[in-house]
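The values are calculated or read from the model by the stated rules, or taken from the named source; none is laboratory data. Just so it is clear, the structure is predicted and the values come from calculations on it, not from any experiment. A quick note on method: Cβ atoms are made from the backbone with ideal geometry, for glycine too, and the neighbour counts reach across all protein chains shown. Surface accessibility is based on the protein's heavy atoms, side chains included, excluding ligands, DNA and RNA. Shrake-Rupley method; radii C 1.70, N 1.55, O 1.52, S 1.80 Å.
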Amino acid sequence: MEKQDLLADYRTMVLIRSFEEHCQQQYTRARIGGFLHLYVGQEAVAVGAIGALKAQDHLVTHYRDHGHALARGLEPKPLMAELFGRSTGTGKGKGGSMHFADKNKNFWGGYAIVGAHLLLAMGIAYSIKYKREVLGQADQDGVVMCFFGDGATNGGEFYEAVSMAALYKLPIVFLCENNEFAMGTPLSVHTSVTEIHKKASPFMPGERVNGNDVEEMRARALYAVNHARTEGPYFLEAMTYRLRGHSAADPQMYRTRDDINARRSGDPIALLKQKLIDQNLLTEKQAKQIDKEVEKEMDVVVQFAEESPAPDLSEAWTEIYSKPL
Amino acid sequence: MPVITYSEALRQALREAMTNDPRVFIIGEDVVHYDSAYGVTKGFEKEFGPERIKDMPIAEAGYAGLGIGAAMNGLRPIVEMMTTNFAILALDMIINHAAKLHYMFGGQFTCPIVFRMPNGYGQLSATHSQAFDNYYAYMPGLKVVVPGTPYDAKGLMKAAIEDPDPVIFIEHTGIYNIKGEVPEESYTVPIGKSNLLRDGKDVTIVGYGRMIPYCQQAVETLASEGIDAALVDLRTIRPLDMEPVLESFRKTNRAVIATEEWTSVGVGSEIAARLYTEGFDHLDAPIWRVGFDEVPMPYAKNLEAHVVPNADSVIQAVKNVLAGKTQKIRQQ
């Protein structure tokens, strides 16, 4: 097991936070349209878990996908350009916020029909096993990590995915980001089994982890990924809390400002910063320096998006099929 | 040339693809232990082994998603939905995922997958006797083929499996046993090409799938009565190839559209609309459409027979068109 570079993780988490804050600003300025689901408060889950993956591993995620993309190492510029609806975006401006993807990084995309992508992730895992066992491709030892929220665990696709993953002993980690709300509906209102990992327990081993602690998240993700690679599916329930609205346009009638403030003590970036300072790995000054550097990088990222051209109108008619008719 | 059934023609295409390409595999309900609900892939497990054809749980979205994920990652799955009635449980997978992946990720992912699903009826009542051709034909990003002859069944299946994009392959339990000439050698029928099956000067009949054998019967009967009907088989309902239809229509100036579906808002509605818009100058009489009566399918044998189209429905519609009558679509 490689030693976790907590300082690098801290920097990535700050990058994600800053990216999201810039998204909010640009959304307010109407440079970004549609739905914008920010990852603020959940950064440790993506950074901790995705850091456990190797290059040959695969990632499938939900519509709140900015943090996962950045944690997987996608460049911020084409991501911001995608949000601006520009031709330099990851999806050439055709997908938007909910559909970031990068095939070269086995980042199979963000999906926006809640729960459905668990089945695609299961299918990708099936294909890995098929390639290894039927096509004889011995180098196919990748694992699929599939992110979803607590709200995704009530529909039928969830149970179909975990049941079939177990049936075929697939190399997949199901990772539930339990942020306590399905959009605006509280956990206790939307589900009968609030300890989400227990929903998968008839099918596979799993556990609940502190998703706001990047160190714990990484350690348990490494265990889960290793289990998936060698034995079969594994389930992680990462406890976290979304500090922003469901989307940038959410008035948050389902909770009070006090509710949110009470949870700021669990802010994963603040927690990690304190830990690093306590361990003499970081000073306040250095932390400010990181903030400054990231801020500067984001200015360049926003500028890149602003200056990128909108897609040519002819692009509306391309890529409907992969082989044009 | 050998004369074989529609079912055997499909089987030949599937076997050929399975033999030539190990990335091709079949998943579906009851394809192994039950040995294939309609017998198309009977015995395939013995021939190709348990990894190449696999029984799936009755979880249509689940195994549709399995297929889509596997297709994205380079395999060539053939997903057998036992019937179109069950396939609607997987509509989200097909509509929101298979059809959209390539476009919404800016061309990064492809989804070379074939969904096989038969329409059909036979005293199975309301939920087991439906047609959803229009659901799929409505959707940009999908290709939808509906062969009506054994020759096209084999050629279109080969084309569907080789196609790099998602193909909905609609079969019909009522014609699995019809026979026709089918070459033994490998060939494909291009997706997106309609086919003029018979030229004629009095009326153009447009159909596809299960209605083709009925239309062929109708055309023969009409010929014996001195009515010279042309017949165009659409074969593919997305992308739609209207040119052979319009070419015939420009000669006959009259049309009957025969589709086995509820008439309102169906594939036939689109064909009629295209004829009215693109063929307006050539129109000499109201177009007639043949389809299911617009009721949920009843169980009783006489009721069922009363509400489904057949060769006689086509013949009657042709006569109505030639008489210049106007069709009223009844919804209740």
Before we move on, is B:Leu101 of a type outside the set (Lys, Arg) and under 23 Å from A:Ala101 (Cβ atoms)? yes
Considering only segment B:163-207, state which residues are in contact (Cβ under 8 Å) with a residue 60 or more places away in the chain, outside any loop (DSSP other than H, G, I, E, B) and surrounded by fewer than 23 Cβ atoms within 10 Å (Cβ to Cβ). B:Thr173, B:Lys179, B:Gly180, B:Glu181
Which members of segment B:149-159 meet the condition of being of a type outside the set (Val, Ile, Thr) and closer than 16 Å to B:Ser7 by Cβ? B:Pro150, B:Tyr151, B:Asp152, B:Ala153, B:Lys154, B:Gly155, B:Leu156, B:Met157, B:Lys158
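Listed here are the residues, each with its yes/no results for (1) facing chain B (nearest Cβ under 10 Å); (2) open to solvent by less than 40 Å² (accessible area, probe 1.4 Å); (3) over 13 Å from A:Ile196 (Cα atoms); (4) among the polar types (S, T, N, Q).
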| site | (1), (2), (3), (4) |
| --- | --- |
| A:Gly123 | yes, yes, yes, no |
| A:Lys129 | yes, no, yes, no |
| A:Glu133 | yes, no, yes, no |
| A:Met145 | no, yes, yes, no |
| A:Phe148 | no, yes, no, no |
| A:Thr153 | no, yes, no, yes |
Given the condition surrounded by 20 or more Cβ atoms within 10 Å (Cβ to Cβ), of a type in the set (Gly, Ala, Ser) and closer than 22 Å to A:Leu118 by Cβ, answer yes or no: does some residue in segment B:95-107 qualify? yes
Filter result for the condition that a residue is over 26 Å from B:Leu303 (Cβ atoms), within 14 Å of chain A (Cβ to nearest Cβ) and of a type in the set (Lys, Arg), over B:Lys158, B:Lys143, B:Lys154, B:Lys179: B:Lys143
Of all residues in segment A:123-156 being part of a strand (DSSP E or B) and among the hydrophobic types (A, V, I, L, M, F, W, C), the one that is nearest to A:Thr230 (Cα to Cα): A:Val144
When you check A:Glu195 against the structure, is it crowded, with 17+ Cβ neighbours inside 10 Å and either aromatic (Phe, Trp, Tyr) or farther than 17 Å from A:Asp57 by Cα (or both), yes or no? no
Note on segment B:133-157: residues open to solvent by 10 Å² or more (accessible area, probe 1.4 Å) and either within 26 Å of B:Gly180 (Cβ to Cβ) or in a helix (DSSP H, G or I) (or both) are B:Asn134, B:Tyr135, B:Ala137, B:Thr149, B:Tyr151
Within segment A:166-182, is even one residue of a type in the set (Ser, Thr, Tyr) and free of Cβ contacts under 8 Å to residues at least 60 places away in the same chain? yes
Given the conditions (1) under 24 Å from B:Glu247 (Cα atoms); (2) in contact with a Phe, Trp or Tyr (Cβ under 7 Å, 6 or more places away or on another chain); (3) open to solvent by less than 20 Å² (accessible area, probe 1.4 Å), report the number of the one that B:Gln327 does not fulfil. (3)
Take the residues of segment A:168-192 that are assigned to a loop (DSSP other than H, G, I, E, B) and within 14 Å of chain B (Cβ to nearest Cβ): which is most open to solvent (accessible area, probe 1.4 Å)? A:Lys169
Unique residue being facing chain B (nearest Cβ under 8 Å) and part of a helix (DSSP H, G or I) when the list is A:Ala165, A:Ala161: A:Ala161
Tally the residues that are of a type outside the set (Phe, Trp, Tyr), open to solvent by less than 50 Å² (accessible area, probe 1.4 Å) and touching a Leu at 6+ places or on another chain (Cβ under 9 Å), restricting the search to segment A:219-238. 9
Hand me the list of helices (runs of 4 or more DSSP H) wholly inside segment B:52-104 holding 2 or more residues that are within 7 Å of chain A (Cβ to nearest Cβ). B:60-72, B:101-104
Mind checking which residues of segment A:105-121 are among the small types (Gly, Ala, Ser), within 8 Å of another protein chain (Cβ to nearest Cβ) and part of a strand (DSSP E or B)? A:Gly109
Only one of these is under 30 Å from B:Ala300 (Cβ atoms) and among the β-branched types (Val, Ile, Thr): B:Thr173, B:Thr110. Name it. B:Thr173
Does A:Pro233 fit the bill of being within 14 Å of another protein chain (Cβ to nearest Cβ) and under 24 Å from the mean Cα position of the chain (by Cα)? yes
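Each row is one residue, and each column tells you yes or no for (1) farther than 18 Å from A:Tyr39 by Cβ; (2) without any contact (Cβ under 8 Å) to a residue 40 or more places away in the chain; (3) of a type in the set (Phe, Trp, Tyr).
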{"position": "A:Arg208", "(1), (2), (3)": "yes, yes, no"}
{"position": "A:Glu215", "(1), (2), (3)": "yes, no, no"}
{"position": "A:Lys275", "(1), (2), (3)": "yes, no, no"}
{"position": "A:Val294", "(1), (2), (3)": "no, no, no"}
Cβ pairs under 7 Å, 6+ apart, first in segment A:184-200 and among the charged types (D, E, K, R), second part of a strand (DSSP E or B): A:Glu195/A:Arg208
Among residues belonging to segment B:251-301 that are of a type in the set (Asp, Glu) and over 22 Å from the mean Cα position of the chain (by Cα), point out the one that is most open to solvent (accessible area, probe 1.4 Å). B:Asp281
Could you list, in sequence order, the residues of segment A:244-276 that are open to solvent by 40 Å² or more (accessible area, probe 1.4 Å) and in a helix (DSSP H, G or I)? A:Arg257, A:Asp258, A:Asp259, A:Asn261, A:Ala262, A:Arg264, A:Ser265, A:Ala270, A:Leu271, A:Lys273, A:Gln274, A:Lys275
In segment B:234-257, which residues are over 14 Å from B:Ile205 (Cα atoms), hydrophobic (A, V, I, L, M, F, W, C) and touching a strand residue (DSSP E or B) at 6+ places or on another chain (Cβ under 9 Å)? B:Ile237
